Each structure stands twice: as structure tokens, then as C-alpha cells.
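These notes concern the structure reproduced below.
Nothing in this text is a laboratory measurement; each read-out follows from the coordinates by a stated rule. Quantities reported herein were computed from a predicted structural model and do not represent experimental measurements. Cβ coordinates were reconstructed from backbone atoms using ideal geometry, including for glycine residues, and neighbour counts include every protein chain displayed.
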Amino acid sequence: MKAIHHLLCILVVLVLALHVTNVAAGGGEGRGDGGLRREDITAAIINQEQHQRHEKERRQVQRQRVHLDRQDNDKTAEKTKKNRQDEEEMEDDHKKNNKNTRHKKRTRRGGSVETENIFSDEEAAYDAPSPPPSSTAPTPTPTETICKSIIAIGSTRLHPDDPYLLTLSPEEVRKLTTDDTLEGDEDFVCELHSGDFVPLHSTSKQLHAMRMALQQGVIVSSVSTIEYVVPETVEIHETGNESSVVEEGGDDDDEGKGGKKITDIPSSAPTTTATTTVIESVVLPPGNILIHTDPVVLNEHMGRRHLRYSGTKPLLVVRVIDSTGATPPGGDAAYISNKFFGTYGDTETIVSQFASCSYNKFNIVYDTSYGPYEAHIKNQLSAPGVLEVQLPISMYNSKNDIRRETQLAVESKLGIKLPGPFHHVLFVLPQCVVDCGFAAYAYVGSYLSVYQGVYYQYPAVAMHEIGHNLNFGHSGGKTSTGEECAYCDHTDLMGNPLYKDDVADMCFNPAKTFQITANGGDWYDPTRIETFDPFNGAWSGTLVGIAEYGNMIGNTDHMHSRIVLKIETGTKLDLYLGFNRATGMNEDVKQGLNMVTIVEANGDGLSYSTSVLLATLTQGQTYSVSNWRGTGVTLTVFVDLIRYMDVVPGYASVRVMFDGQRAGGVTTSPPTSRPTRQPITSRPKPGDHTPPPTPLPTPLPTPSPTPEPTLPPTESPVTESPTSLSPTDGMVSPE
């Protein structure tokens, strides 16, 4: 407005100057050449004065409004502060009156099971912020449930030499490459009732709480849902066959990128106009998170095709071309088909390795029958098992936009809703450009995985991501300096050790092997996997590696050998022992070669959990846990013998016992007390599977043991017993 005022002043001065010039030139009061009448000058001055008066009044009104707004804001801030103080006082009183107890707040929706919001005093302070006052955020009703389920996203990290890291700051590189926590790095999406996926936004504390709940079995990926979320919508305006989508970016969208994106799809003959409102993402309201897990849905989920650990597994690979013509590096559809299926002679593929690890019980195929869709699907494929689609957007969009557009393109081309007849669907993208902090990612307990750049060429990366589809968590442990890490168990494919296109001979650790068998997979004879409770006596026997499992079948010397020994701890966090034989299908293993491995995992070994490698033991070494289950007695694992150079199968002779105990169960110094065990979740069966129980504390991993100098090993503890962490507030578990 100041600029307009200055222009008017200059105009008036020019008018007066011209008038004076005309008068001096004899123009008089009449109109001379180029002159103005006096009436014109007077009108200009009056207009300027009116404009100045109006502008002054406008500024006065604006100042009054600002003053009133400030008063309202001050009142609101004071009210909010008072509400928070009242809440803190009530919470303090609540804690004093209910110290060391657990509190339950129940709600029931429709005919579904009850859900609980369970927390302890320590948890309430640990997890999420307090809910806002009801005056500013009214409690929503159960009818506002939007997500059919919430799905965790597990990923594979970038290779340390990935060129994308050169474009980042040192701090950004550190975040993407430093593996210094066992919490995990899962993100979450909301599966809508339509089957589409949208980002789920939350605070950092809520995200931490959800990750902990996932590890403890409170959240079952692809089954559990969040009762209350707030949808963020976008309007799609369509005219005949022509459509334009205008998406308002926010400060907290899925990729952390704001701004606006416009996508136009031209048409030659627009006829009608329609506006559709779609859900672009969902947001968690502040405060605790109410999780609901329906046992009926859980039971149905356990029988879904993509979760089955055995049988024929139809797989679709999608080669993605973006709007600029960018394609995945390496080659065409035939090249990709060869990399995944070995159709043209490649011998290191996910087909060959899954078949080897499962002893031909998990068979990935591309040439199976697709039922009523068979003729159409096979006509659309560009190479065996590979479909090509072109996107209406470029790789300069967010990974969620690219995933969504790819899914829409596939469904449009095939005329089906994914997954259709496929058990697993893999999107192979060109080199990532925006938000490239991943090599690949997959939806846990679902069918989808996504690969960017060269990473689809590495069979171990694809096996890792399909492992997430099969509900496997990451495999972590501790570094040589004692730091926690979520990916550093390199005895297992879920620890990310292999980044080569011709190196893939590696299988899964004892915890994952137990999970496969306990959930119905027939890769191995279940009698070769034993669950042992130390209170029932000492255990002594031999362990054989899964790489030579086939050689122990029918071998009279190994009629009683095991491939996994599960040690019950009385909680859902148990220990799993195995012999990591580095040969054949497991010859590319990078850690603990031909050693006994001890792995810790949550969920009774049945559900998603980041396993922790506690120890790798060679002959003569021990691993001890003091004060076993609060008895004051030390439990020790002894590795008496490892033999593999001159025998097939190789094996390890192992004993597990308390101080003073002998092999065979003769106890000279029994524990003085036996704590009550929690019920052990049995192997799920159709129709009787129940949802996971209330989350339990997650112990810290213990450091690697120190070798003993002589045999027999001493019974002194090598490590201290695990220390418990409090579970997370705001989580809901079904009854």
C-alpha cells in the first residue's frame, strides 16, 4: 500500500507541474496542448486524500484485530497451561494412589472383542504425550475407524558405497548408515478398506511406541488397526477421460516434502466432470494410541497365501518406467526375469536359494495357472514373470507417490486388484532421486516389496524383503565395541550382509527357523526342533546345521540330533541355539562360521521380532546367564565339541545346565524357587488362534561370551542376566 501511496503523490506533483507549465505558456484556465483543467487537479487531490483516509482507517482496524487476536491467543495459552497443570497434578495423584499397579481402560465397539489401553507408571512417563484437553480435541467415536489394518514397513539399508550418500551431508549419511539401536527403523502405513495403502503420520514418541508394540506382539502387522486417526484428503477433478490431481503438500507428509504436485492426463474427448475426494494420508491424534486386534481377522490372516511358509508361490515382478523414460539399471524385462527366476541361466536367484533353504518346500514360480485371469495376464507380460508399466509421474516424486502410481498402473493393465492370483508382488524402480534412504522395502505380513536402482539384482536383498512379507523381523546384535545394532547378525539373511548379484548362499538363524516351523512351515521335521525348560533338568545333545539337515535324516548316528534348541525363559523372550554350518546353501554366511549361535527373540518365537545374536561359541566356550528367572542360580551353555572337517553332517555337542547339575537331569544343587511361567503360545491352528497377550518387557541383549581356557569349562558366568526395560504406554492388546 505504501508503494501505491508514493505513486499517487508523484502523479499529483507531475499534474501540478504540467499545469504550471501550461499557465506559463499562455494556456490560462482553459485546456492547452498537453494541459489539464483545474477541476482535474482538484479531483486528483480529493481522491488522494480519500485514499489516505481509507488506508488509515484500514490500518487502525487491522491493529485492533491483531490486538484482539493476541488477547485470544493469550487466553487460550493460559487455559491450555492451566489444563496441563491440572492434568499433571491429577497424574501425580493417580501415580501416588496406584504405585506399581497396572490400569486398564476398556472400550467395546460393535461385536468385536474388547481392547485395552494398558500402561504402568513408568510407561506413562516414557511414551506418548498426554492427550489434549477435550475442549480442543473431542474424543472421536469408534465409527471414525478408517484403517482396515496398519502395516509395518521393513527395509534394507543402502550399501555403504552407494553414490546417493555422496549427495548428503555428513549428518544425513550418519543417520542412514549408523546402526546403533535395536529399536528398529520400521515405518507404518494405513491399509484402507479399499485395499489401498496411505502413509500414517505420528509423533516421534508415538512412532517409538508403535515400534516397541510391534516387537512385543501388541501390534500384528496387516491385522491390528488403530481406532482413531484423522484423514487428510485430496480432491480429484475428472472431466471425461481427462483428469488433474492437485495435491497440497504439508510440512509433515510421508516423505517430509512440502509443496504442490499437479499431474495431468490428457484426453481427446472430455465429456463429463466429476469431483472425488480421496484419502491421501492419515494422522494420529496426540496422546496414547488405541490398538485393536480382532482374533477372527488374526486367524484369517494366518491362513493368507503370502504368509504360508510352504507350497508353490506365484510371484510377479513389475518393471517400472517413469514419465521421463527412466528405467531400472541393468537391462530389459528379459534381464530382470533372468535375475529373479533364472529363466535364461542365472543360478543365483531367489528361486534357487529359497528352494535350497526350504528343501524344496518353498517354491517361487512364474508359470503357474492364474485362474480366470490367466490368458489376459500372460498376454500382458513382457517376459516370463515380468510386467512393464509406465507411470504418469517421474522419479522426482516421493516414494509413496511412486508406489501408489505403480500399483494403480499394474491394476489398470491387468484388470485386477492386487495381489490378485500372486502371493508376492515386487516393484522394480529406476534409480531413486528423491528420499533415497533405502535399498528396498517391504510390507510386513503382506505381499508387496519395492526395490530401487541396482538392488533388485542382489538375491539376498530380495530374500530379505520377502522375509518381511513372511513376518520376519530384522536380525541384530552388538558390534565388536559393544554397541547395539539392528542389522548386524550376519549369520542370517535378515541382517543385510550380502550385496552382490552372484552371492546368495545363506539361510536364516535359529529363531527364524523356529518361527517357520512353529507357524506351519514344513521345511524341517518339527521333531528336530526342541523346546527345553531348564527347570525340567539338564540338556545334553548334538546340534546339526540346517545346511546339512538332509544328511541327518535316516542317519542312525543322528536319530536324536536337533537343528534348533529353544530354551524357555518363562517369558515370551526366549533363547534359540543352533549350529551355523558354513557349507552348501549356507556357505556365504559372514559371521560365526561353524560355531554354535545363541539368539534371543520375542513373541515366543511365533511372531515378528528383531532377533538378537547374543553369542557365537566355538569348542570349549561357554555362555552363562546368572540369577536365572530370579532363582539366584546360574544357567550355562557348554560347547564341548565341534566336529565337521571329517564327518557329514558336521555337529556340535552341547550341554545346558545349572551350577552343580549333571547331564541327564541329575541335580545336586537345584534352584530354590521356581517362578510361575507364563502360558506358552502353542503352534497356531485354524479356528483356534488367539491374539497376542499383553506386551512384556524387552530385555537388553547381553555381550558376547569369553572363551574358557580348558575343558571342562568353568561354571563362572560370562555375562550378566538381561535387564528388563519397561513396556510401552498407549498400546492395546486383546484379551
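Overview of values
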| read-out | value |
| --- | --- |
| Where a label projected 7 Å from the Cα of Asp161 along Cα→Cβ would reach, residues of region 472-509 with amide N under 15 Å | 498-503 |
| Reduced Cα scattering model of region 344-447, Debye log10 I(q)/I(0), q = 0.12, 0.23 Å⁻¹ | -0.51, -1.38 |
| Relative contact order %, region 553-640, counting alpha carbon pairs below 8 Å whose residues are six or more apart | 19 |
| Estimated distance in nm for a label pair at Ala334 and Tyr359, the labels positioned 7 Å out from Cα along Cα-to-Cβ | 3.9 |
| Counted charge near Ile553, where neighbours are those whose Cβ lies closer than 11 Å (Asp, Glu -1; Lys, Arg +1) | -1 |
| FRET efficiency for Arg643 and Thr527, using Cβ-Cβ distance with R0 set to 22 Å, rounded to 0.05 | 0.45 |
| Beta bridge orientation in region 310-469: antiparallel %, DSSP, nearest 5 | 15 |
| Stretch gain in nm, segment Ser382-Arg174, where the contour uses 0.36 nm per residue and the Cα spacing is subtracted | 70.9 nm |
| Karplus-derived 3J(HN,Hα), 6.51/-1.76/1.60, for each residue of region 338-346, Hz, glycine and proline x | 5, 5, 8, 10, x, 5, 10, x, 5 |
| Zone residues, region 293-320, relative to Thr368, backbone N less than 17 Å from point 7 Å out along Cα-to-Cβ | 302-318 |
| Neighbour-count ranking [beta-carbon atoms within 10 angstrom, fewest first] of Ser475, Ser561 | Ser561, Ser475 |
| Summed side-chain charge close to Tyr366 - residues other than Tyr366 whose Cβ falls under 13 Å, Lys, Arg +1, Asp, Glu -1 | +1 |
| Per-residue Cβ neighbour rank within 10 angstrom, fewest leading, Leu192, Leu426 | Leu192, Leu426 |
| Local electrostatic count, Leu565, Cβ distance below 12 Å [Lys/Arg +1, Asp/Glu -1] | 0 |
| Cβ-based exposure ranking for Lys413, Lys175, in which fewest neighbours within 10 Å come first | Lys175, Lys413 |
| Relative contact order (percent, whole number), region 310-469, Cα cutoff 8 Å, 6+ residue spacing | 30 |
| Segments 311-318, 276-283, 583-590 sorted - mean Cβ within 10 Å per residue, highest first | 311-318, 583-590, 276-283 |
| Nearest-20 debye value, region 310-469 charge dipole, Cβ charges on Lys, Arg, Asp, Glu | 280 |
| Above-threshold pairs, the threshold being 28 Å between Cα atoms, out of Lys205/Lys478; Lys399/Lys572; Lys512/Lys590; Lys339/Lys572 | Lys399/Lys572; Lys339/Lys572 |
